[in-house]
Amino acid sequence: MNLPWHPVLIHFPIALLMVGGGAALIWLATGRTFWRQAALALVFLGAIGAFAAKQTGEGLEKMVEERGGVNEALLHEHEESGEQTVIVAFLALAALGFAEYRARKGGPSGAKATDSIAIRAVAALLTVAAAGMVARTGHLGGTLTWGGLTEPAVGSDAGTTAPPAGDAPVSRDVDNDGD
């Protein structure tokens, strides 16, 4: 069985970075150590997961292109979005790591530094940006895989069915403006 790893791995960075964005927002609002450390752990794992998903996506891209029938422009946009997500996730990780380092560093009196609002704001902004970017990348990937099937509400009778197993990903353009 030749299982491509990309569809398996993508769920980890999506979940971890999105929950990490929420933890970072709570940390921004409260300044509590628990939320800083939770955001740091989630973004650490999410950034590694995003990198792994990007790497495995390269191999899947080759397989999909060989089969043909894929929307090349959408595939390229998904790939670019994934690469940008990895960069922003690691920038968020660096900001959260800096905040953790600064909080643990003892001052002259041995007291721990408090989380400044500026550091919390920058780290939270980068973390929420990574969450938004991974959501966009996931949406593009879902559109590549399912085409317009992601548009109707779940359980709606839009007259669409899932593509048969083993078929190439749907790559049709969907016109949603009613024309």
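The values are calculated or read from the model by the stated rules, or taken from the named source; none is laboratory data. Given the structure is predicted, the values throughout are model-derived calculations rather than measurements. Neighbour counts are summed over all protein chains in view; Cβ atoms, including those assigned to glycine, are modelled from backbone coordinates with ideal geometry.
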Reported set for the stretch 24-43 where residues are free of Cβ contacts under 8 Å to residues at least 60 places away in the same chain and closer than 25 Å to His139 by Cβ is Ile26, Leu42
**Q.** Check on Arg67, touching a strand residue (DSSP E or B) at 6+ places or on another chain (Cβ under 7 Å) and either surrounded by fewer than 19 Cβ atoms within 10 Å (Cβ to Cβ) or at pLDDT below 85 (or both)
**A.** no
